[in-house]
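Trainee: Just passing along the structure, written as structure tokens.
The values are calculated or read from the model by the stated rules, or taken from the named source; none is laboratory data. These numbers come from a predicted model, not from an experiment. All Cβ positions, even for glycine, are placed from backbone atoms using ideal geometry, and neighbour counts span all protein chains on display. Ligands, DNA and RNA are stripped out before the accessible areas are found, and what is left, the full protein with its side chains, is counted by its heavy atoms. Shrake-Rupley method; radii C 1.70, N 1.55, O 1.52, S 1.80 Å.
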Amino acid sequence: MPKREDLLELKKELEGDLYCDDASRLMYATDASAYREMPVAVTRPKNNDDIKKIIAFARQHKTSLIPRTAGTSLAGQVVGSGIVVDVSKYMTQIIEINEKGKWVRVQPGVILDELNKILEPKGLFFGPETSTSSRCMIGGMVGNNSCGAHSIVYGSTRDHTLYVKAILSDGSAAEFGQITAEEFHNKLQGDSLENRIYKNVYEILNSPVNQQEIIRQYPDKSLKRRNTGYAIDLLLDCEPFTKDAVPFNFCRLIAGSEGTLAFITEIKLNLVPLPPKEKVLVCVHLNSAHEA
Ligand SMILES: Cc1cc2nc3c(=O)[nH]c(=O)nc-3n(C[C@H](O)[C@H](O)[C@H](O)COP(=O)(O)OP(=O)(O)OC[C@H]3O[C@@H](n4cnc5c(N)ncnc54)[C@H](O)[C@@H]3O)c2cc1C
């Protein structure tokens, strides 16, 4: 556990904020769940360099990091004894909107409703309509693989996450997005942490024993709304592990990983057309529940 004087040294190095007083730690000791645990400190990084410094500090002092956006999680996802890293204050930019390509690039601290307000005149929106939309932020939506009332139509955040830029546990930056089978094999060359991640996943998913075990043990694929454990079954469903399948994309795993795999600094999201303004209601009259 880092000492107070070490934290104060880190504070001097950051462009953003660091708090280790009791009141700030108490404010960040919970989310929308009943769980409560005092973090050792709270930081609000201004940029990627700050995040790299915080990661290096956590490694050196053997503590954990808790990435956080709006903190509306219901199961203690942003509660922990390490350092809370709140990106909701400074990492809030909508970086680029591409109307023709129907995508947007954002920092993790962008609020869902604010993004959709900006997209509305363009006839587009981000599909998953999580009910905390006036607060929840894209980084947290990716972390939780959030969805909404119309998830059967629009899917969950995972289905619309095109790529994420992230900082890994050794401080290196990586971009995870859709790659071809050839690009996947190229990623296996080299010894960077990113290369080693691809190698590790290749070893796990290329083993027929593991493949069978994943198919046998993971929940039924017809269950659209599930977020139980790491979605390695969805990686198995990609090339190069399944022939003629969809291209490999680590975002399938990162979405829903609750901030445990990498620190996300940028997200590229797929957008969908706004639903038509007029709605139609069809009333079917039936005589019994059985007939219905
Ligand atoms: C009343 C209520 C209703 C809700 N309704 C829904 C609903 O309809 N659908 C639904 O899916 N959820 C719902 N939730 C849960 C929650 O609001 C959503 O999952 C929301 O999207 C979380 O966003 P957030 O910004 O609050 O994330 P946070 O709670 O701050 O974080 C969520 C996860 O993302 C991780 N994370 C955040 N930023 C980063 C980053 N930069 N890098 C890596 N990881 C990061 C965190 O570590 C954490 O694990 C509801 C919650 C409440 C209180």
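Trainee: Could you grab me the full set of residues in the stretch 105-129 that are of a type in the set (A, V, I, L, M) and within 16 Å of the ligand (Cβ to nearest atom)?
Mentor: Passing the criteria: VAL106, VAL110, ILE111, LEU112, LEU115.
Trainee: So, one more: Mind checking which helices (runs of 4 or more DSSP H) fall wholly inside the stretch 172-217 and carry at least 3 residues that are in contact with a helix residue (DSSP H, G or I) (Cβ under 7 Å, 6 or more places away or on another chain) and open to solvent by less than 90 Å² (accessible area, probe 1.4 Å)? Spell out how you get there, then give the answer.
Mentor: Values: elements: 181-187, 193-206, 208-217.
In the stretch 172-217, 193-206, 208-217 are the helices (runs of 4 or more DSSP H) which contain 3 or more residues that are in contact with a helix residue (DSSP H, G or I) (Cβ under 7 Å, 6 or more places away or on another chain) and open to solvent by less than 90 Å² (accessible area, probe 1.4 Å).
Trainee: Got a sec? Which of LYS187, LYS165 is away from the ligand (no atom under 14 Å from the Cβ) and of a type in the set (Lys, Arg)? Even if it seems obvious, please write down each step before you answer.
Mentor: On the way: LYS165 fails: away from the ligand (no atom under 14 Å from the Cβ).
Testing whether each residue is away from the ligand (no atom under 14 Å from the Cβ) and of a type in the set (Lys, Arg) leaves just LYS187.
Trainee: On to the next question. Pull up the stretch 1-44, narrow it to residues that are of a type in the set (D, E, K, R) and under 26 Å from the mean Cα position of the chain (by Cα), then point me to the one that is farthest from VAL78 (Cα to Cα). Walk me through it before giving the result.
Mentor: Of the residues in the stretch 1-44, the ones of a type in the set (D, E, K, R) are 3-6, 9, 11-13, 15, 17, 21-22, 25, 31, 36-37, 44.
Keeping just the survivors that are under 26 Å from the mean Cα position of the chain (by Cα) gives 15, 17, 25, 31, 36-37, 44.
On the way: GLU15: 23, ASP17: 18, ARG25: 13, ASP31: 6, ARG36: 10, GLU37: 10, ARG44: 14 Å.
The qualifying residue farthest from VAL78 (Cα to Cα) is GLU15.
Trainee: So LEU274 passes all but one of these: (1) hydrophobic (A, V, I, L, M, F, W, C); (2) under 26 Å from ALA166 (Cα atoms); (3) in contact with a helix residue (DSSP H, G or I) (Cβ under 8 Å, 6 or more places away or on another chain). Which condition number does it fail?
Mentor: (2)
Trainee: Mind counting the residues in the stretch 87-96 that are touching a Ser or Thr at 6+ places or on another chain (Cβ under 9 Å) and either open to solvent by 10 Å² or more (accessible area, probe 1.4 Å) or of a type in the set (Gly, Ala, Ser) (or both)?
Mentor: First pass over the stretch 87-96, keeping only residues touching a Ser or Thr at 6+ places or on another chain (Cβ under 9 Å): 87-88, 91.
Applying the additional criterion that residues be either open to solvent by 10 Å² or more (accessible area, probe 1.4 Å) or of a type in the set (Gly, Ala, Ser) (or both) yields 88.
Residues flagged as touching a Ser or Thr at 6+ places or on another chain (Cβ under 9 Å) and either open to solvent by 10 Å² or more (accessible area, probe 1.4 Å) or of a type in the set (Gly, Ala, Ser) (or both) within the stretch 87-96 amount to 1.
Trainee: Do you know which residues across the stretch 137-158 are open to solvent by 10 Å² or more (accessible area, probe 1.4 Å), out of contact with any Phe, Trp or Tyr (no Cβ under 9 Å at 6 or more places or on another chain) and either of a type in the set (Val, Ile, Thr) or assigned to a loop (DSSP other than H, G, I, E, B) (or both)?
Mentor: ASN145, SER146, ALA149, HIS150, ILE152, VAL153, GLY155, SER156
Trainee: Just the residues that are more than 14 Å from the ligand (Cβ to nearest atom) and not in a loop (DSSP other than H, G, I, E, B), please, taken from the stretch 11-36. Walk me through how you get there before you give the answer.
Mentor: From the stretch 11-36, those more than 14 Å from the ligand (Cβ to nearest atom) are 11-15, 17-26, 36; that's our starting set.
Once the filter is applied, which keeps residues that are more than 14 Å from the ligand (Cβ to nearest atom) and not in a loop (DSSP other than H, G, I, E, B), the stretch 11-36 yields LYS11, LYS12, GLU13, ASP17, LEU18, TYR19, ASP22, ALA23, SER24, ARG25, LEU26.
Trainee: A follow-up question, please. Which ones in the stretch 258-273 are open to solvent by less than 70 Å² (accessible area, probe 1.4 Å) and not in a strand (DSSP E or B)?
Mentor: GLY259, ALA262, LEU271
Trainee: Of all residues in the stretch 97-118 being farther than 18 Å from THR130 by Cα and open to solvent by 70 Å² or more (accessible area, probe 1.4 Å), which is nearest to the chain's Cα centre (by Cα)?
Mentor: LYS102
Trainee: Determine whether GLU278 is surrounded by 16 or more Cβ atoms within 10 Å (Cβ to Cβ) and either in contact (Cβ under 8 Å) with a residue 60 or more places away in the chain or not hydrophobic (A, V, I, L, M, F, W, C) (or both).
Mentor: On the way: surrounded by 16 or more Cβ atoms within 10 Å (Cβ to Cβ): no; either in contact (Cβ under 8 Å) with a residue 60 or more places away in the chain or not hydrophobic (A, V, I, L, M, F, W, C) (or both): yes.
Considered against the rule, which asks whether it is surrounded by 16 or more Cβ atoms within 10 Å (Cβ to Cβ) and either in contact (Cβ under 8 Å) with a residue 60 or more places away in the chain or not hydrophobic (A, V, I, L, M, F, W, C) (or both), GLU278 comes out as no.
Trainee: How many residues are touching a helix residue (DSSP H, G or I) at 6+ places or on another chain (Cβ under 7 Å) and away from the ligand (no atom under 11 Å from the Cβ) if we restrict to the stretch 55-81?
Mentor: Looking only at that region, the number is 2.
Trainee: Tell me yes or no: at least one residue of the stretch 191-208 is among the β-branched types (Val, Ile, Thr) and more than 16 Å from the ligand (Cβ to nearest atom). Please lay out each step first, then the result.
Mentor: Looking only at the stretch 191-208, we keep the residues that are among the β-branched types (Val, Ile, Thr), and these are 197, 201, 204.
Keeping just the survivors that are more than 16 Å from the ligand (Cβ to nearest atom) gives 201, 204.
There is at least one residue in the stretch 191-208 that is among the β-branched types (Val, Ile, Thr) and more than 16 Å from the ligand (Cβ to nearest atom).
Trainee: Can you tell me which residues in the stretch 1-40 are in contact with a Lys or Arg (Cβ under 8 Å, 6 or more places away or on another chain), farther than 13 Å from GLY71 by Cβ and surrounded by 13 or more Cβ atoms within 10 Å (Cβ to Cβ)?
Mentor: Matches in the stretch 1-40: LEU10, GLU13, LEU14, GLY16, ASP17, LEU18, TYR19, CYS20, MET38, VAL40.
Trainee: Still on this structure, please answer the following. Please go through the stretch 49-77 and give me each residue that is farther than 22 Å from LEU112 by Cα and either open to solvent by 50 Å² or more (accessible area, probe 1.4 Å) or part of a loop (DSSP other than H, G, I, E, B) (or both), ordered by number. Step through it out loud before you land on a result.
Mentor: Initially, the stretch 49-77 is screened for residues farther than 22 Å from LEU112 by Cα, giving 49-65.
Of everything in the stretch 49-77, those that are farther than 22 Å from LEU112 by Cα and either open to solvent by 50 Å² or more (accessible area, probe 1.4 Å) or part of a loop (DSSP other than H, G, I, E, B) (or both) turn out to be ASP49, LYS52, LYS53, ALA56, ARG59, GLN60, HIS61, LYS62, THR63, SER64.
Trainee: Given the residues ALA29, ALA70, which is the only one that is touching a strand residue (DSSP E or B) at 6+ places or on another chain (Cβ under 8 Å), among the aliphatic types (A, V, I, L, M) and modelled with pLDDT of 95 or more? Even if it seems obvious, please write down each step before you answer.
Mentor: Details: ALA29 fails: touching a strand residue (DSSP E or B) at 6+ places or on another chain (Cβ under 8 Å).
Just a single option satisfies the conditions, and that option is ALA70.
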